Each structure stands twice: as C-alpha cells, then as structure tokens.
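Enquirer: Got a structure for you, questions after.
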Amino acid sequence: MNIHEYQGKDILRKFGVAVPKGIVAYSAEEAKQAAEQLFAEQDSPVVVVKAQIHAGGRGKAGGVKLAKSPEEAREIASQMLGTTLVTHQTGPEGKEVRRLLVEEGMNIDREFYVGITLDRATSNNVLMISTEGGMEIEKVAEETPELLLKIQVDARFGLQGFQAREAAFFLGLEGEQFRNAVSFITALYNAYTSIDAALAEINPLVVTKEGRVLALDAKINFDSNALYRHKDFIELRDISEEDPFEVEASKSNLNYVRLDGNVGCMVNGAGLAMATMDMIQLAGGRPANFLDVGGGASPQTVEEGFKIILSDKNVKAILVNIFGGIVRCDRVAGGIIEAARKIGLNLPVIVRLEGTNADIAQKMLDESGLNLIAADGLKDAAQKVNQALSA
C-alpha cells in the first residue's frame with residue numbers, strides 16, 4: 001500500500017528520522033496559512049509548495065515550486081490544486097492534485113539517495129546508498145553502478161553501527177554531517193522494520209550548509225500482508241490515487257492489475273496468471289490485465305471478475321484459464337455460464353479448464369449456447385483468443 005509524502009514523513013518523524021517542518025493544505029487559503037506559520041518559525045526566505053500524488057518526478061512536471069511569501073504560496077496553490085500532473089510514473093493520463101504539502105525551505109549543500117527494501121535473492125534487507133540524489137535510482141544502477149552502494153542487512157541482527165558508518169563514509173561526509181547521517185540511517189532502518197514497510201526511500205536525502213541531514217522527500221510503501229498489525233495505517237490509504245478497477249477488485253478480494261492490452265485474463269493462481277499472460281503475448285496478443293481469482297474460483301468471484309474485466313473498454317476478448325484442484329472444473333464452468341447469462345456477456349470467451357471433472361466442464365460449455373469456446377491446453381487457448389480477435 002502506498003501513501004503520500006507528507007504521511008510518510010509524519011511516520012518517520014515519530015521514529016526520530018529528521019524531516020523538514022511541513023503542513024498539509026487542501027485549499028489555496030490553507031496553503032497561505034501554512035506558509036505564514038512556517039515563515040514565522042524559520043529563518044529561510046522561502047517555503048516549498050509540493051503537489052501530493054502517488055508518483056515520482058513531480059518537480060520536473062511542475063509539482064514542486066518555491067514561494068517567497070504567503071501570498072505567493074496561495075497563488076501557487078490555486079494554480080496547482082485541481083490540475084493533472086503527468087510524470088514518468090503516472091502514465092499519460094496523469095494524476096489530479098487534490099492536496100499539497102507546504103514545507104520549510106532548506107539551505108541545501110548536497111543531495112544523496114538512501115533506500116531500504118527486501119532483496120529477495122538473498123532474503124535480506126538491503127540498504128542502498130548513492131551520491132546521486134534526485135535521480136532515478138534505476139538509471140544510476142544501470143549507467144553508473146559504482147555510485148551505488150548496497151549493504152546487505154541480516155534481519156536477525158538488524159543494521160549494525162559499522163554498516164551505518166560505512167554508508168556515511170561512502171557519501172564522503174565528515175564531522176557533524178557524518179554523525180547526523182549515521183543517526184539518520186539508523187533511525188530510518190528502525191522505522192522501516194517497525195512499520196513492516198516494503199520500501200523506505202529518501203530521494204533526495206539532503207545535507208544543509210549548517211550540517212543538518214534531512215529527508216527532503218520520502219516514499220513509504222507498506223507490506224500489505226502485514227497491515228493487520230498496523231490497522232491505523234489502513235486509514236492513510238487514498239483510493240483516489242489508485243486505479244478504480246483495482247479498488248473495485250480489492251473489495252471482492254481479487255488480485256487485479258490493469259495493463260494496456262485487449263485480452264482480458266481470468267486465472268486462478270498468480271503463477272498460472274503470469275504464464276497465461278506470457279502465452280497470450282507469445283501468440284501475438286496483448287493481455288489487458290492480471291486477474292487472480294484465487295484457489296476457490298466460485299461463481300461469485302467469477303461473476304465479479306467478468307464485471308471488472310468488462311469495465312475496461314479496451315477488452316475485445318476474454319481468456320479464462322482455471323486449474324480445478326481445490327474446486328472442481330464443472331463448478332467453475334457452471335459459474336462461468338451463470339455469470340455470462342447474468343451480465344449479458346457478448347464478447348468471445350475462450351475457456352481452458354484443467355483438473356477434476358474437466359471433461360464434464362467442457363461438455364457444459366459446448367452445450368451452453370453461449371459464445372464460450374473451450375480450449376485444449378494453454379497454447380490452444382492463446383491461439384484461439386487471437387483468432388477471435390481477428391475474426
């Protein structure tokens with residue numbers, strides 16, 4: 001689960017991670033009042049007005065601007081609120097700006113990158129440090145890997161002092177800046193593990209001319225499987241930032257991700273869903289979504305799955321690929337037929353059912369009188385989907 005920058009900073013602040021003073025604003029007048037308060041509390045001649053959307057690259061898209069007075073902050077806010085920001089992470093449709101973060105200005109000396117996530121190859125947390133703050137870390141890793149330090153952290157022992165110092169040394173810091181960086185990295189790792197984060201990314205991490213080390217930006221992603229331990233974090237979810245199809249799917253406990261193709265996919269099991277998408281692509285088609293209906297694949301989940309797939313107007317055909325292990329194939333076939341009749345399905349639907357009572361299921365599909373095409377194997381199903389598209 002993703003959250004906004006200001007929400008992430010509020011959490012980090014509780015764990016002793018140094019972040020700038022900031023106030024969230026939902027209107028131009030609130031932005032002005034926030035700026036007045038910050039100007040009264042700081043010596044900096046500017047405040048920063050930052051659009052709050054779930055995407056990076058906001059600065060390049062015009063979503064981060066400096067204001068030298070409360071009136072200028074109000075003017076910037078009035079121009080920014082309600083606009084659509086298009087960044088490299090939003091896609092061409094962009095995201096509407098509904099809230100802002102007004103933050104104290106920083107006397108920046110240098111900018112760095114620090115991030116913590118799980119390295120699945122080693123089953124360790126990995127602390128990533130780079131001297132190239134403000135840049136896309138993927139680009140740094142690919143083009144200048146020598147500027148990125150990765151420190152493996154054994155979860156049994158946590159981040160050790162020598163590892164935090166190694167990171168600060170890599171950044172070339174000394175004296176007060178060095179000590180503050182070590183404290184910052186240690187506090188960040190403690191926050192990351194305590195809140196069950198999937199990612200804690202600070203880009204940029206700034207060092208001021210006064211020697212302060214702060215998170216100028218903060219991206220926090222939670223491990224959704226651990227949210228039952230942090231029920232207060234669920235309230236931070238902003239569904240207006242999420243794909244409406246994915247939000248609707250989550251209400252029915254369906255795992256759905258929208259893609260840009262024209263073949264709707266309904267599969268039980270994540271691995272089988274990935275293989276199905278690969279086969280569609282290899283056969284010349286383009287999957288329109290990832291949809292895992294789970295091991296049960298009941299008539300109710302099948303119906304909800306069809307509704308969500310059909311909500312995407314780009315879908316021109318549907319491939320259903322179910323392995324009948326936990327649930328019998330004839331039950332799944334019955335659910336497909338019932339759902340197709342109930343929602344008036346008029347797109348070609350290719351159905352591949354394998355497992356218990358697969359022969360009975362195929363007969364049910366053949367005799368349904370609906371536009372349901374039975375397939376023998378995954379390769380045959382992918383080919384029939386593309387044939388239906390070209391028909």
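The values are calculated or read from the model by the stated rules, or taken from the named source; none is laboratory data. Because the structure is a prediction, the values reported are computed rather than measured. Ideal geometry is used to build each Cβ from the backbone, glycine not excepted, and the neighbour counts take in all protein chains shown.
Enquirer: Any residue in segment 189-199 that is in contact (Cβ under 8 Å) with a residue 60 or more places away in the chain, in a loop (DSSP other than H, G, I, E, B) and in the same structural domain as Leu148 (by TED's automatic domain parsing)? Steps first, please.
Expert: Kept after step one, since they are in contact (Cβ under 8 Å) with a residue 60 or more places away in the chain, are these residues of segment 189-199: 189-195, 197-199.
Narrowing further to those that are in a loop (DSSP other than H, G, I, E, B): 195.
Filter once more, so that each one left must be in the same structural domain as Leu148 (by TED's automatic domain parsing): 195.
There is at least one residue in segment 189-199 that is in contact (Cβ under 8 Å) with a residue 60 or more places away in the chain, in a loop (DSSP other than H, G, I, E, B) and in the same structural domain as Leu148 (by TED's automatic domain parsing).
Enquirer: Right, here's the next one. How about segment 75-87: which of its residues are β-branched (Val, Ile, Thr) and either over 13 Å from Lys32 (Cα atoms) or in a loop (DSSP other than H, G, I, E, B) (or both)?
Expert: Our first condition is that a residue be β-branched (Val, Ile, Thr); within segment 75-87, this holds for 76, 83-84, 86-87.
The answer is Thr83, Thr84, Val86, Thr87.
Enquirer: Next question. Give the residues of segment 279-298 that are over 23 Å from the mean Cα position of the chain (by Cα) and crowded, with 18+ Cβ neighbours inside 10 Å, sorted by residue number.
Expert: Filtering segment 279-298 down to residues over 23 Å from the mean Cα position of the chain (by Cα) leaves 279-285, 295-298.
Passing the criteria: Met279, Ile280, Ala283, Gly285, Ala297.
Enquirer: Condition first: part of a strand (DSSP E or B), among the hydroxyl-bearing types (Ser, Thr, Tyr) and without any contact (Cβ under 8 Å) to a residue 40 or more places away in the chain. Now tell me which residues in segment 96-143 satisfy that.
Expert: Taking segment 96-143 as the starting set, the residues that turn out to be part of a strand (DSSP E or B) are 96, 100-104, 108-119, 124-130.
After this cut, where a residue has to be among the hydroxyl-bearing types (Ser, Thr, Tyr) as well, the list is 113, 117, 130.
Within segment 96-143, just Ser130 meets the criteria.
Enquirer: Could you figure out which of (1) over 24 Å from the mean Cα position of the chain (by Cα); (2) free of Cβ contacts under 8 Å to residues at least 24 places away in the same chain isn't true of Phe184?
Expert: Here Phe184 clears every test but (2).
Enquirer: Right, next: Surrounded by fewer than 23 Cβ atoms within 10 Å (Cβ to Cβ) and closer than 28 Å to Leu236 by Cβ, is that true of Arg165? Even if it seems obvious, please write down each step before you answer.
Expert: Details: surrounded by fewer than 23 Cβ atoms within 10 Å (Cβ to Cβ): yes; closer than 28 Å to Leu236 by Cβ: no.
No.
Enquirer: Scanning for something part of a helix (DSSP H, G or I), touching an Asp or Glu at 6+ places or on another chain (Cβ under 7 Å), of a type outside the set (Ser, Thr, Tyr) and touching a residue at least 60 places away in the same chain (Cβ under 8 Å), does segment 297-312 turn up at least one residue?
Expert: Yes, segment 297-312 contains a residue that is part of a helix (DSSP H, G or I), touching an Asp or Glu at 6+ places or on another chain (Cβ under 7 Å), of a type outside the set (Ser, Thr, Tyr) and touching a residue at least 60 places away in the same chain (Cβ under 8 Å).
Enquirer: Let me ask something additional. Within segment 330-365, track down each residue that is under 19 Å from Val385 (Cβ atoms) and of a type outside the set (A, V, I, L, M).
Expert: Asn346, Pro348, Arg352, Glu354, Gln362
Enquirer: Which numbered condition in (1) closer than 30 Å to Thr193 by Cα; (2) buried (at least 20 other Cβ atoms within 10 Å of the Cβ); (3) out of contact with any Phe, Trp or Tyr (no Cβ under 9 Å at 6 or more places or on another chain); (4) among the small types (Gly, Ala, Ser) is the only one that Ala31 fails?
Expert: Only one criterion is unmet by Ala31, namely (1).
Enquirer: Right, another one. Tally time: how many residues in segment 207-228 are small (Gly, Ala, Ser), crowded, with 24+ Cβ neighbours inside 10 Å and in contact with an Asp or Glu (Cβ under 8 Å, 6 or more places away or on another chain)? Full working, then the answer.
Expert: First pass over segment 207-228, keeping only residues small (Gly, Ala, Ser): 211, 215, 218, 224, 226.
After this cut, where a residue has to be crowded, with 24+ Cβ neighbours inside 10 Å as well, the list is 215, 218.
With the extra rule that they be in contact with an Asp or Glu (Cβ under 8 Å, 6 or more places away or on another chain), the set shrinks to 218.
Residues meeting the conditions: 1.
Enquirer: Collect the residues in segment 317-347 that are assigned to a loop (DSSP other than H, G, I, E, B) and either modelled with pLDDT of 90 or more or more than 32 Å from the chain's Cα centre (by Cα) (or both), keeping them in residue-number order.
Expert: Our first condition is that a residue be assigned to a loop (DSSP other than H, G, I, E, B); within segment 317-347, this holds for 325-328, 343-347.
Arg328, Gly344, Asn346 - these are the residues of segment 317-347 that are assigned to a loop (DSSP other than H, G, I, E, B) and either modelled with pLDDT of 90 or more or more than 32 Å from the chain's Cα centre (by Cα) (or both).
Enquirer: Go over the candidates Val140, Val102, Val126 one by one and state the one that is within 26 Å of the chain's Cα centre (by Cα), closer than 20 Å to Ala187 by Cβ and not hydroxyl-bearing (Ser, Thr, Tyr). Full working, then the answer.
Expert: Details: Val140 fails: closer than 20 Å to Ala187 by Cβ; Val102 fails: closer than 20 Å to Ala187 by Cβ.
Testing whether each residue is within 26 Å of the chain's Cα centre (by Cα), closer than 20 Å to Ala187 by Cβ and not hydroxyl-bearing (Ser, Thr, Tyr) leaves just Val126.
Enquirer: Conditions: (1) out of contact with any helix residue (DSSP H, G or I) (no Cβ under 7 Å at 6 or more places or on another chain); (2) crowded, with 17+ Cβ neighbours inside 10 Å; (3) assigned to a helix (DSSP H, G or I). Pro204 meets all but one. Number of the miss?
Expert: Single failed check for Pro204: (3).
Enquirer: Pick from segment 45-74 the residues that are touching a residue at least 24 places away in the same chain (Cβ under 8 Å) and assigned to a strand (DSSP E or B): which of them is surrounded by the fewest Cβ atoms within 10 Å (Cβ to Cβ)?
Expert: Leu66
Enquirer: Further question: What single numbered condition from (1) part of a strand (DSSP E or B); (2) out of contact with any strand residue (DSSP E or B) (no Cβ under 6 Å at 6 or more places or on another chain) fails to hold for Leu149?
Expert: (2)
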